[in-house]
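In what follows, a structure is listed as structure tokens, so that the remarks can point back to it.
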Amino acid sequence: MSPRESTGAAAVEVECASSAAEMSLSVISMLQRLSDEERRALEGKCIFRRIVSGAVVVDRFTPSEAVYFMISGTARVVHYVADHQEITIATVSAGDTIGEISAIDGLGRSATVVAEDDCAVAELPREEFHALIGRRGDVALELLHRWAATIRGLSEKVSHLSVGSPDQRVFSELVRLARVERPGGDRWMIRDLPTHQSFAQWAQTSREVVAGALAQLLRRGVAERRTKVLYINDYKALIDLVSRAEQSAK
């Protein structure tokens, strides 16, 4: 394997010399209905690469129009706003697909995608992607389902980010994640509490703010934590905290 500069990217990637033997498209959600023969034929049209952690997989506004299939690893879809502040708008992982929008409309990348850890990807040229969705309606439908989920997620995120202060955005995210502990019960819970970093990315704040907001809930008895499970003892109080923030932001 030899390092080289990624097409349309700003960081170094590593291309796999024996890609077909080492990696497969079998994990890609959009391609699950393909037969083994069809999948192998598609693999023969891909360039397989390994992307090191922190490298740019695709860069916003570049003319590249290929589609990338995530074989392994995770990556963040980001935008940059004033003062180069980075906003994570989505996370992609093994099984996902990147770059379909520019492959469809030919207008360049709509966002930058950065490898969160070491990733393996398969790059499919735009014309081959067009041929695939043209002959396989089920693949095209799966693509539409994925876009629908993305639009819903972004809409929800915009709603949460409209809440005033950073700590209130943390509370709003807790409300979104909480589920009733048992049917008919009055206690809510978050069974697998995300890391402070994950919260910070969603709320566009720091890990310190997240830690402070959670500590405030624990101190007031609104919530209690047991390992990775967060129990919401007073769900109404949590809702009231978010509501007061929304009113003050108007």
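Observations on the model:
- Test result for GLY95, closer than 20 Å to SER35 by Cα and in a loop (DSSP other than H, G, I, E, B): yes
- Selected residue [closer than 19 Å to MET30 by Cβ, crowded, with 16+ Cβ neighbours inside 10 Å, modelled with pLDDT of 90 or more and not assigned by TED's automatic domain parsing to the domain that holds GLN204] from VAL77, VAL121, VAL92: VAL121
To keep it simple, each residue is scored yes or no on (1) in the same structural domain as ARG76 (by TED's automatic domain parsing); (2) among the basic types (Lys, Arg); (3) more than 28 Å from ARG76 (Cβ to Cβ); (4) surrounded by 11 or more Cβ atoms within 10 Å (Cβ to Cβ).
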{"position": "VAL180", "(1), (2), (3), (4)": "no, no, yes, yes"}
{"position": "ARG191", "(1), (2), (3), (4)": "no, yes, no, yes"}
{"position": "HIS196", "(1), (2), (3), (4)": "no, no, no, yes"}
{"position": "ARG207", "(1), (2), (3), (4)": "no, yes, no, yes"}
{"position": "GLY221", "(1), (2), (3), (4)": "no, no, yes, no"}
{"position": "ILE239", "(1), (2), (3), (4)": "no, no, yes, yes"}
{"position": "VAL242", "(1), (2), (3), (4)": "no, no, no, yes"}
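- Test: residue in the stretch 50-57 that is at pLDDT below 85, under 25 Å from GLN204 (Cβ atoms) and among the hydroxyl-bearing types (Ser, Thr, Tyr): no
- Test result for GLU173, modelled with pLDDT of 75 or more, assigned to a helix (DSSP H, G or I), closer than 15 Å to VAL242 by Cβ and charged (D, E, K, R): yes
- Filtered by the rule that a residue be farther than 23 Å from ALA131 by Cβ and either crowded, with 17+ Cβ neighbours inside 10 Å or not polar (S, T, N, Q) (or both), the stretch 42-56 gives ARG50, ILE51, VAL52, GLY54, ALA55, VAL56.
- Residues that are in a helix (DSSP H, G or I) and touching a residue at least 40 places away in the same chain (Cβ under 8 Å) within the stretch 191-216 comprise GLN201, TRP202, ALA203, VAL209, VAL210, GLY212, ALA213, LEU214, GLN216, listed in sequence order.
The values are calculated or read from the model by the stated rules, or taken from the named source; none is laboratory data. All of these numbers come straight from a predicted model, not from anything done at the bench. When we count neighbours, we look across all protein chains shown, and the Cβ atoms used for this are built from the backbone with ideal geometry, even at glycine.
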